[in-house]
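**Student:** Pasting a structure below so you can have a look.
The values are calculated or read from the model by the stated rules, or taken from the named source; none is laboratory data. Since the model is a prediction, treat every value here as computed from it, not as a measurement. As a convention, Cβ positions derive from the backbone with ideal geometry for all residues, glycine included, and neighbour counts pool all protein chains shown. In case anyone asks, the SASA skips ligands and DNA or RNA and just uses the protein heavy atoms, side chains included. Shrake-Rupley method; radii C 1.70, N 1.55, O 1.52, S 1.80 Å.
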Amino acid sequence: MTTQVKQSDTRSTPAQTWRSYPYRLVPDDPQLHFPQAEGYQDMASDTYYASGVVRGERTGKGYAFFVIFARLSGFSSASGIDMHLGAIFDLASGGYTTFASYDLPPRRWVRKRLTITRGALGVAWDSPNWKSRFWARYDAAGAPVPFSYTLDVYGRDSRGDALALDLIVDATKPPQPVGGPVHRGAITVMGQPQTRSYFQSLRYHGILRWRGVEEPVHGEIGWLDRQWFPEYVGAYSGILADRYSHQWAQMSLDNGWELSLWRHFARHERNREVPFSGLTITDPMGQTLFTDEYHIEPLSYCRDEGYVTPLYAPIQRAFGVRGDVRYFLDAYRLHVPMLNLVVVSTPLAPAPAHRMPVDYLTGPTLLEGTMEGKKITGYGFNERTLGLWRPWELCQALDDSLRPLINEGAAASNLTQVMETVRIAIDAQHTVEARQILERQVRPALDPLAEPQRQRLIRLCNDLMAIL
């Protein structure tokens, strides 16, 4: 579960007049000319994502949120999915509410709750439970104000309480092509080449209403992410949607730097990291950089408690490509040599699952570390579809979780060799031997650990023994 490959250190400088239309993000790619790139692309699949961190102006409470709108046309005109989902998080308590609304066949054939405009940003979902829209702002002459929007979300949370976001949205930097000047916004997503993708930094101000609180909010950390696919989004993911998984992290640091980390994994090749994987970086002035040299050091994993069931879960379980117990990368340390950056991403919500077609965990994270020797902090989101449930995967998760404790002297040093012996036994399908080592050597060594590591790792170890 680590990455360290050769570096591509390239950068591009945005035009100084970026806050105007027309704006050509990639001059020779008309799909990435603005404002048209913000509107419907007439592609098979089109997705819109916005997230942010805001703070109440009266209470000082911190919140995070994300919303997604997606039109995912299928292999034929009779298939496909329209969907709208999102969540709001209380940063102090880690509590959150999540919602999802879908138009699936055959109802999708007779109703269209999702609307998307061409030529400018204009996407909306209209249903009895959720009314949301992400829209370009217009001047008195009827022209779109460059890179300025409104985001409105209305509905009820999981407790039935009213929920609303009314936000004025402004971009703070020019749009950034994913992959920077190396890939120029044309990347491979879930095995599908020529997927277009860009992101942009946002700020917010407006009103939030949730769980008895109604107050003005504002925030300087926000993210707009666009992707559109020539074919159905899952065209290369396998009929059971189990061929690829991914991890995506967005990070906003208090020194003005921002990062977008994409990692794709081939599930049937022991989770080998495959294209597109890399780190798109934006400096404080809006200059884009890209590198494929980075190192992810896992620190902990979270267990999906099964409160949210993905749409495809029943058929995946029936065909044996989904386990009832699944773990996901949680806290981790990111090393980026070209920036002299070391940052730890710590989750602010436990196992934040949402109802997608496949396993989908995403939630806010606290960022702390150093860059060029100076302390930095920030916030981000950590999105994951790579669920670990096979014996060798849980073994890897347990080993990864123990390694930092061993390095700090908090766990017995001999566990490194013991876990290697377990791994070899599992790979050789000597499951009885692997279980005995775990039961007699690993499990007792977890008792002296401090909380919360102790209970978390005991549970992970017990889960691994159970599936063996």
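**Student:** Between the stretch 296-346 and the stretch 224-287, how far is it from one alpha carbon centroid to the other, in angstrom?
**Tutor:** The distance from the Cα centre of the stretch 296-346 to that of the stretch 224-287 comes to 14 Å.
**Student:** Between the helical axis of 391-407 and the dominant principal axis of the chain, each derived from Cα atoms, what acute angle in degrees is found, rounded to the nearest 10?
**Tutor:** 80 degrees
**Student:** Rounded to the nearest whole Å³, what is the per residue volume of the convex hull around the Cα atoms of the chain?
**Tutor:** On the way: hull volume 71.5 nm³, N = 468.
It is 153 Å³ per residue.
**Student:** Students often check this: by mean Cβ neighbours within 10 Å, which of 204-213, 139-148 ranks highest, and how do the rest follow? Could you put the intermediate results ahead of the total?
**Tutor:** On the way: 204-213: 16.3, 139-148: 13.4.
Highest mean packing first, the order is 204-213, 139-148.
**Student:** Starting from 0.36 nm per residue, how many nanometres of slack lie between residue 268 and residue 235 once their C-alpha separation is accounted for?
**Tutor:** Here the answer is 10.2 nm.
**Student:** Which value in Å does the Kirkwood hydrodynamic radius of the stretch 273-389 take, with 1/r averaged over all unlike C-alpha pairs and then inverted?
**Tutor:** 15.9 Å
**Student:** Using a 1.4 angstrom probe on the protein heavy atoms only, could you order 103, 161 from most to least accessible area?
**Tutor:** Ranked from most to least accessible, the order is 161, 103.
**Student:** Would you calculate the separation in nanometres between label points at residue 445 and residue 148, each defined as 7 Å from the Cα along the Cα-to-beta-carbon direction?
**Tutor:** 6.1 nm
**Student:** Same structure again: With n ≥ 4 as the cut-off for DSSP H runs, can you work out [θ] at 222 nm for the chain, using -39500 (n - 2.57) per run divided by the number of residues, rounded to the nearest 500?
**Tutor:** Helix contribution divided over all residues of the chain: -4000 deg cm²/dmol.
**Student:** A follow-up question, please. Taking Cα atoms of the stretch 291-359, Rg/Rh with Kirkwood Rh, to two decimals?
**Tutor:** 1.11
**Student:** Ignoring ligands, DNA and RNA, how do 51, 277, 93 rank by accessible area with a 1.4 Å probe, largest first?
**Tutor:** 93, 277, 51
**Student:** What is the gain in length, in nm to one decimal, between residue 107 and residue 28 on full extension, counting 0.36 nm per residue of separation less the C-alpha to C-alpha distance?
**Tutor:** 24.5 nm
**Student:** Here is a follow-up. Can you give me the solvent accessible area of residue 309 with a 1.4 Å probe, rounded to the nearest 10 Å²?
**Tutor:** 70 Å²
**Student:** Per residue, how much accessible area does the chain have with a 1.4 Å probe, in Å²?
**Tutor:** Values: 19180 Å² over 468 residues.
It amounts to 41 Å² per residue over the chain.
**Student:** Treat every Asp and Glu Cβ in the stretch 79-141 as -1 and every Lys and Arg Cβ as +1, leave all other atoms uncharged, and give the resulting dipole magnitude about the Cα centre to the nearest 20 debye.
**Tutor:** Value, rounded to 20: 300 debye.
**Student:** Quick one: length gained pulling residue 462 to residue 21 fully straight, 0.36 nm per residue minus the C-alpha distance?
**Tutor:** 153.0 nm
**Student:** Hey, if we sort 150, 377 by accessible area with the 1.4 Å probe, largest down, what's the order?
**Tutor:** Per-residue accessible area, sorted high to low, gives 377, 150.
**Student:** May I pose another question? Identify, among 228, 140, 210, the residue whose Cα sits farthest towards the positive end of the charge dipole of the stretch 132-241, taking +1 on the Cβ of Lys and Arg and -1 on the Cβ of Asp and Glu, with the dipole about the Cα centre.
**Tutor:** Farthest towards the positive end: 228.
**Student:** For the stretch 312-468, just say rounded, prolate or oblate: build the C-alpha gyration tensor, square-root its eigenvalues into a ≥ b ≥ c, call rounded for a/c under 1.5, and beyond that prolate if a/b exceeds b/c, oblate if not.
**Tutor:** oblate
**Student:** On to the next question. Please work out how much accessible surface residue 117 shows to a 1.4 Å probe, ignoring ligands, DNA and RNA, in Å² rounded to 10.
**Tutor:** For residue 117, the solvent-accessible surface is approximately 50 Å².
**Student:** Evaluate Rg over Rh across the stretch 45-178, taking Cα atoms for both radii and Kirkwood's formula for Rh.
**Tutor:** 0.99
**Student:** Then there's this: Calculate the FRET efficiency for residue 162 and residue 255 from the Cβ-Cβ distance with a Förster distance of 41 Å, rounded to the nearest 0.05.
**Tutor:** 0.60
**Student:** What whole number of Å gives the distance from the Cα centroid of the stretch 21-58 to the Cα centroid of the stretch 394-438?
**Tutor:** The distance from the Cα centre of the stretch 394-438 to that of the stretch 21-58 comes to 45 Å.
**Student:** Also, I was wondering about something else. Would you kindly work out the equivalent ellipsoid of the stretch 271-328 from its C-alpha gyration tensor and give its semi-axes, the square roots of five times the eigenvalues, largest first in whole Å? Write out the running numbers ahead of the final one.
**Tutor:** Working: eigenvalues 234, 41, 36 Å².
With the √(5λ) rule applied to the stretch 271-328, the semi-axes are 34, 14, 13 Å.
**Student:** So how far apart, in nm, are the two label points at residue 305 and residue 424 if each is 7 Å from Cα heading toward Cβ?
**Tutor:** 4.0 nm
**Student:** Let me ask something else about it. Taking the Cα atoms of the stretch 201-325 alone, what are Rg (to one decimal) and Dmax (as a whole number) in Å?
**Tutor:** Gyration radius and largest Cα-Cα distance of the stretch 201-325: 18.8, 51 Å.
**Student:** Sticking with this one: With a 1.4 Å probe and every protein chain kept in, tell me what percent of the accessible surface of the chain is carbon plus sulfur.
**Tutor:** It is 53 percent, rounded to a whole number.
**Student:** How big is the accessible area of residue 311 in square angstrom, nearest 10, if you roll a 1.4 angstrom probe over the protein chains?
**Tutor:** Roughly 40 Å² of residue 311 is accessible to a 1.4 Å probe.
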